[in-house]
Structure formats: C-alpha cells, structure tokens
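The values are calculated or read from the model by the stated rules, or taken from the named source; none is laboratory data. Because the structure is predicted, anything quoted here is derived from the model rather than measured. A quick note on method: Cβ atoms are made from the backbone with ideal geometry, for glycine too, and the neighbour counts reach across all protein chains shown. Quick note on the areas: whole protein, heavy atoms, side chains included, nothing else; ligands and nucleic acids left out. Shrake-Rupley method; radii C 1.70, N 1.55, O 1.52, S 1.80 Å.
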Amino acid sequence: MVLDMTHRLDREAGCTNLILCDPEEVIVKQLLSNAQTRVNILDEEISRVQKNLDELLAQRQSNETRITRFRAALSPQKRVPPEILSEIFLLCLSGAPVSLFPQLHSAPWVFGRVCSRWRAVSLSEPRLW
C-alpha cells in the first residue's frame, strides 16, 4: 500500500490542490530529496561530459587547422615552375606601361601581394617592369 501511495504521489504531488496528510508529506519529502540528489548527480555527469566535449571540439579544431595547412601544401599552383608563372604574369598585363603612380590593386603590383614566392618571381621578371 505504501508503494502504491508512493507511485501515486510521485505522479500527482503538486498537480492537485489536495492537502497532504502526514504520511503523504513524509513520502513527498523523501521523493523531493531523491529528486534533488538525482539532479546533483546529473549535473556532475553533465559537467564531465561537457569537459569531454570541449576537449573533443578542441582536438577537432586542431585537426581542421592541420587539414587546411596540408591542403595548402599540396595545392597544384605550388608546383608551377617560376618560368611559367612569369609568363602567366606577363599575360595579365594590360599593355600599358607601368605608371609613376602605380595602381597597387592591378598587375604587376598585385602579384607581389599574393605570397612570397609570387613576389620573388614578379620582382625577378624585368619584362613586368
């Protein structure tokens, strides 16, 4: 009978306006204590899992960064010989001579802003200047 009352109170306590009798109040206090203990245990578990999740996310980010670096290292444009790169740069010129007031966002100036290799190739090609 106490088990039936416990199950009933577990479902109904706080959902009705009925006043609890003394034995019911004792049971509800025990149910409350059990629920609070369970919440504390769940909070600890959530903290532990969150810490693991944070560590996994940091590892994932680190590997994403590595993937980006490895893809950059393997990119095909890194294998273009400097002579071919110079020819490509020459094809990009508009035909107008280099001005005393250069347009830094256009060829040949822009080549040197891409990367150090392109800067070295463009500066070493006198036909660009």
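Miscellaneous remarks
- Filter pass, Ala58 being within 22 Å of Val121 (Cβ to Cβ) and under 27 Å from the mean Cα position of the chain (by Cα): no
- One residue from Asp54, Asp22 being at pLDDT 90 or above and exposed (fewer than 10 other Cβ atoms within 10 Å of the Cβ): Asp22
- Number of the condition not met by Leu31 [criteria: (1) farther than 28 Å from Val121 by Cβ; (2) more than 13 Å from the chain's Cα centre (by Cα); (3) open to solvent by 70 Å² or more (accessible area, probe 1.4 Å)]: (3)
- Members of the range 109-129 found to be more than 37 Å from the chain's Cα centre (by Cα) and either over 14 Å from Ile84 (Cβ atoms) or open to solvent by 50 Å² or more (accessible area, probe 1.4 Å) (or both), listed by number: Leu123, Ser124, Pro126, Arg127, Leu128, Trp129
- Any hit, the range 6-15, residues being of a type in the set (A, V, I, L, M), open to solvent by 80 Å² or more (accessible area, probe 1.4 Å) and free of Cβ contacts under 8 Å to residues at least 40 places away in the same chain: no
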